[in-house]
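The values are calculated or read from the model by the stated rules, or taken from the named source; none is laboratory data. Just so it is clear, the structure is predicted and the values come from calculations on it, not from any experiment. No Cβ is skipped: glycine too gets one built from the backbone with ideal geometry, and neighbour counts run over all protein chains shown. All accessible areas refer to the heavy atoms of the entire protein, side chains included, with ligands and DNA or RNA removed. Shrake-Rupley method; radii C 1.70, N 1.55, O 1.52, S 1.80 Å.
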Amino acid sequence: MSKQMVTVIDHATGKQVDLEVLNPTDGPKTIDVRKLYKELGYFTFDPGFMSTASCWSKITYLDGEKGILRYRGYPIEQLAEHSSYMEVCYLLLHGELPQADELHTFEEGIKDRSMLHEAVKSFYNGFRRDAHPMATMVGVVGALSAFYHDHLNIHDPEQRIVSAMRLIAKMPTIAAWSYRYAKGWPFVYPRKDLSYAENFLHMMFASPMEPYDVDPLFAKALDVIMILHADHEQNASTSTVRLTGSSEANPYAAVAAGIAALWGPAHGGANEAVIRMLNDILESGKPLQHFVDRAKDKNDRFRLMGFGHRVYKSFDPRAVIIRQICHQLLNNLGPQGRQYQKLFETAMELERVALEDDYFKSRNLYPNVDFYSGIIFLAMGIPLNMFTVLFALSRTVGWISQWNEMMGDPQSRIGRPRQLYIGETERDYTPMEAR
Ligand code: ACO
């Protein structure tokens, strides 16, 4: 079959170049512009990567128009219903669903690596007690390369898998300890008899003074939420991990950079911002329309947090599943869940008011994954400043799988975008007294 080409003609010089059209297995065809600069001397301009594919990938596919999200081809709805977070980690990292013995070995490998070097404990003491746990996460994860020097050959596929498993394994411990440090509570060590989600909840909330039973409802809800957050192709934090890793930096440094990128309220920090917004709405006593109007006002910086997405333009499939989990969890919690019911009802009502509004309809702005997740976290007793930490914990497997894919590609090169320079052209230095 002959290749499809697109011809770019420079009418100023009469030169032209034929660019190959690349066919994905799913999604829009993609023009390979690599020859453009060499043959015509032009760069392409695409701030925010609105229509630029920064890499190829076989891991995650999403179609924002149709609200589709698939990991390695499997629909997110099926994985959320039938799979487990550990199985999804295996799938993202290795490309296929595991056999029973493969999953067992993988889970054991994760559990065996969940402890932290004892010296990491003293590292925490360098932080102020009131530090945001995301700040602690960036620091501690970045420091891991100083503790785990072995298996740092990024060109060896087996060593990359060891680093990947270490990161997935240690992240719940690092996350829970960042919370306990801020509280002044003693660190709780991971336990091999608990699942990944149970272990995190145990390390967060157990006291050395008495036994702590993990609520199976919370563990199940957390497991599904982690599946939903596990990967999302080339978003800001994943692209940051790839860009950092492309310089051949070690995987711990690359993932620390990803955590930093995730922190912003336009990305993973939105789950925290949603709860602050819902609380403000409830405290103000003002009608929801007031906040919807503020979000529409271009002179007001207020936005509906948890609304809108760069890619999803019909609905975010993760938000649909999370809303269901929220509903089930609050119902099953009985009286304990009632205090969060008001927040949930406000969120659903806000969604209804916004989706009836032309501004939101015409811009295809729907609730995203962060809109309902925070209410579930609150009901589990997880404090606001830990929400984005939980996102980082869940996304680590996505970041490291994407990094592993890039490092395994012999064609991969250092990421180095070009720019459209619009500053001054050359001018002579002016001595101070002449300025
Ligand atoms: N509230 C009000 N208006 C909005 C919102 C919102 N939440 N989101 C987008 N818009 C408006 C924009 O003002 C813009 O209007 P215009 O066309 O009149 O200028 C239009 O919708 C398009 O929005 P953009 O900002 O161009 O969309 P972009 O793809 O750049 O941004 C983003 C996407 C950052 C998610 C944005 O929708 C937003 O800030 N949402 C709130 C924060 C949030 O929930 N972030 C979490 C995203 S999911 C995740 O990262 C896990």
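Summary of the geometry: region 261-306 and region 22-52, compared by the centres of their Cα atoms, lie 35 Å apart.
Can you give the helix-only mean residue ellipticity at 222 nm for the chain, where every DSSP H stretch with n ≥ 4 adds -39500 (n - 2.57) and the sum goes over all residues, rounded to the nearest 500 deg cm²/dmol? Let's see the in-between values first.
On the way: 18 runs with 230 residues, N = 435.
Counting only the DSSP helices, I get -16500 deg cm²/dmol.
Projecting the Cα positions of 115, 186, 139 onto the charge dipole of the chain (unit charges on Cβ atoms of Lys, Arg, Asp and Glu, taken about the Cα centre) puts 139 furthest along the positive direction. Note on the chain: with a GNM built from Cα contacts shorter than 10 Å, the maximum mean-square fluctuation among 369, 162, 397 falls on 162. Counting only protein heavy atoms and a probe of 1.4 Å, the accessible surface of region 355-423 is 49% carbon and sulfur. The aspartates and glutamates within cross-link reach of residue 183, meaning a Cα-to-Cα straight distance under 17 Å and a gap of 8 or more places when in the same chain, are 130. Counting only protein heavy atoms and a probe of 1.4 Å, the accessible surface of region 159-278 is 59% carbon and sulfur. Angle check, please: helix 85-94 long axis (alpha carbons) against the longest principal axis of the chain (alpha carbons), in degrees 0 to 90, nearest 10. Around 30 degrees separate the two axes. Taken as Cα centroids, region 187-250 and region 375-435 sit 21 Å apart, rounded to the nearest whole angstrom.
The residues of the chain expose, per residue, 52 Å² of accessible area to a 1.4 Å probe.
Within straight-line reach of residue 38, meaning a Cα separation under 19 Å, sit the following aspartates and glutamates at least 8 residues removed in sequence or on another chain: 10, 18, 20, 46. Altogether, the Stokes-Einstein calculation at 25 °C and 0.890 mPa s, with the Kirkwood radius of region 43-200 over Cα pairs as Rh, returns a diffusion coefficient of 135 µm²/s.
Can you count the Lys pairs in region 266-401 whose Cα atoms are under 22 Å apart, with each pair 8 or more apart or on different chains? Kindly include the intermediate steps, with their values, before the conclusion.
Numbers: 286/296; 286/298; 286/342; 296/313; 296/361; 298/313; 298/361; 313/361.
Counting lysine pairs in region 266-401 gives 8.
What do you get for the angle between helix 370-379 and the principal long axis of the chain? Use alpha-carbon atoms, 0 to 90 degrees, nearest ten. The angle comes out at about 20 degrees. Under a Gaussian network description of the chain, with springs only between Cα atoms under 10 Å, the residue in 368, 299, 125 that fluctuates furthest is 299. What do you get for the angle between helix 236-246 and the principal long axis of the chain? Use alpha-carbon atoms, 0 to 90 degrees, nearest ten. With both axes taken from Cα atoms, the answer is about 70 degrees.
For trypsin sites (Lys or Arg not before Pro), the sites in region 381-430 that DSSP calls loop and that have at most 11 other Cβ atoms within 10 Å are 413, 418, 427.
Exposed loop sites were defined as GluC sites (Glu not before Pro) in DSSP loop states (anything but H, G, I, E or B) carrying at most 15 other C-beta atoms within 10 Å; in the chain the longest segment without such a site runs 97-247. Using a cutoff of 8 angstrom between alpha carbon atoms and counting only pairs six or more residues apart, the relative contact order for the chain works out to 19 percent.
Ordered by solvent-accessible area of protein heavy atoms (1.4 Å probe), largest first, the residues 38, 342 come out as 38, 342.
Give the shape of region 161-300 as rounded, prolate or oblate, defined through the alpha-carbon gyration tensor: a ≥ b ≥ c are the square roots of its eigenvalues, a/c under 1.5 means rounded, and otherwise the shape is prolate if a/b is larger than b/c and oblate if not. Mind dumping the intermediate values first?
Numbers: a/c = 2.31, a/b = 1.24, b/c = 1.86.
Oblate, because a/c is 1.5 or more while a/b does not exceed b/c.
Under the criterion of Cα pairs below 8 Å and six or more residues apart, the relative contact order for region 1-148 equals 9 percent.
To the nearest 20 debye, what charge dipole does region 64-173 have about its Cα centre, counting +1 at the Cβ of each Lys and Arg and -1 at the Cβ of each Asp and Glu?
Numbers: 11 positive and 15 negative charges, 123 e Å.
Around 600 debye, computed over region 64-173.
Can you pull the percent of region 99-155's accessible area that's carbon plus sulfur, 1.4 Å probe, other chains left in place?
Working: 1670 of 3060 Å².
Result for region 99-155: 54 percent of the exposed heavy-atom area is carbon or sulfur.
The largest accessible area among 181, 37 belongs to the first residue in 37, 181, and the rest follow in falling order (1.4 Å probe, all chains). When you filter the trypsin sites (Lys or Arg not before Pro) in region 75-131 for DSSP loop state and at most 11 other Cβ atoms inside 10 Å of their Cβ, you are left with 128, 129. Of interest is the spacing of the C-alpha centroids, which for region 346-363 and region 61-127 amounts to 34 Å. Which lysines does residue 111 reach when only Cα atoms under 24 Å apart count, and residues fewer than 8 places away in its own chain are ignored? Here the lysines satisfying the reach criterion relative to residue 111 are 121, 170, 192, 220.
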